[in-house]
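J.: Mind having a look at this structure? Questions to follow.
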Amino acid sequence: MNTRFWETKTLSEMSAEEWESLCDGCARCCMIKLEDEDTQEIVYTSLVCKYLNQQSCRCTRYPDRHELVSDCVELNADLALEFSWLPKTCAYRVLAEGRSLEWWHPLVSGSGKTVHKAGISVRGKTISEHHVHPDAMEEHIINWIET
């Protein structure tokens, strides 16, 4: 991979390997989100997909995720700006909006641990959807994710 490729390429110009490396491992996209039917407002919950390893903040079924979870979104360069629910910290959104990656992003810091040290990841902040009845999801709405 080119060093600092994200500063010289658009999202659509990136190779598959470069695209995948943009994921900082925060797992915020794996959080269960609810949409208000009247206002279309999206809110985050403290619940995460049952396939998320909450310690590593990585999907345990990544290659099969779209088949296993019907609403697991397949993000691509064309959609990065359309998903306003992506956290402001998400590298895909950051670059699509013309901003720079933060110091804690693994591509900048050189370590996958800085996303956790900076408190950006969901590590230690969430519970698996597997442990909550679907009717009780609204009880888990949070406001610590800025969208």
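J.: Does region 88-110 contain any residue that is among the small types (Gly, Ala, Ser) and more than 23 Å from PHE5 (Cα to Cα)?
T.: No, every residue in region 88-110 fails to be among the small types (Gly, Ala, Ser) and more than 23 Å from PHE5 (Cα to Cα).
J.: Could you identify the single residue in LEU47, LEU52, LEU34, LEU95 that is of a type outside the set (D, E, K, R), touching a helix residue (DSSP H, G or I) at 6+ places or on another chain (Cβ under 9 Å) and within 18 Å of LEU11 (Cβ to Cβ)?
T.: Exactly one residue qualifies, and that residue is LEU95.
J.: So, one more: Given the conditions (1) within 13 Å of the chain's Cα centre (by Cα); (2) surrounded by 13 or more Cβ atoms within 10 Å (Cβ to Cβ); (3) modelled with pLDDT under 95; (4) more than 19 Å from TRP144 (Cβ to Cβ), which single one is not true for LEU86?
T.: Among (1) within 13 Å of the chain's Cα centre (by Cα); (2) surrounded by 13 or more Cβ atoms within 10 Å (Cβ to Cβ); (3) modelled with pLDDT under 95; (4) more than 19 Å from TRP144 (Cβ to Cβ), LEU86 violates only (4).
J.: Out of (1) assigned to a loop (DSSP other than H, G, I, E, B); (2) of a type outside the set (Val, Ile, Thr); (3) on the phi < 0 side of the Ramachandran plot; (4) at pLDDT below 95, the odd one out for GLN40 is which?
T.: (3)
J.: Oh, and also: How many residues does region 38-68 hold that are surrounded by 12 or more Cβ atoms within 10 Å (Cβ to Cβ), free of Cβ contacts under 8 Å to residues at least 24 places away in the same chain and either under 22 Å from GLU139 (Cα atoms) or under 12 Å from the mean Cα position of the chain (by Cα) (or both)?
T.: 1
J.: Can you name every one of the helices (runs of 4 or more DSSP H) wholly within region 55-133 that holds 1 or more residues which are in contact with a Gly (Cβ under 7 Å, 6 or more places away or on another chain)?
T.: Those helices (runs of 4 or more DSSP H) span 106-109, 114-117.
J.: Can I ask one more? Considering only residues that are under 17 Å from TRP144 (Cα atoms) and out of contact with any strand residue (DSSP E or B) (no Cβ under 9 Å at 6 or more places or on another chain), which ones fall in region 17-45?
T.: Within region 17-45, CYS26, CYS29 meet the criteria.
The values are calculated or read from the model by the stated rules, or taken from the named source; none is laboratory data. Only a predicted model underlies this, so the values are computations on that prediction, with no experimental measurement involved. In this analysis, Cβ positions are derived from the backbone assuming ideal geometry, glycine residues included, and neighbour counts consider all displayed protein chains.
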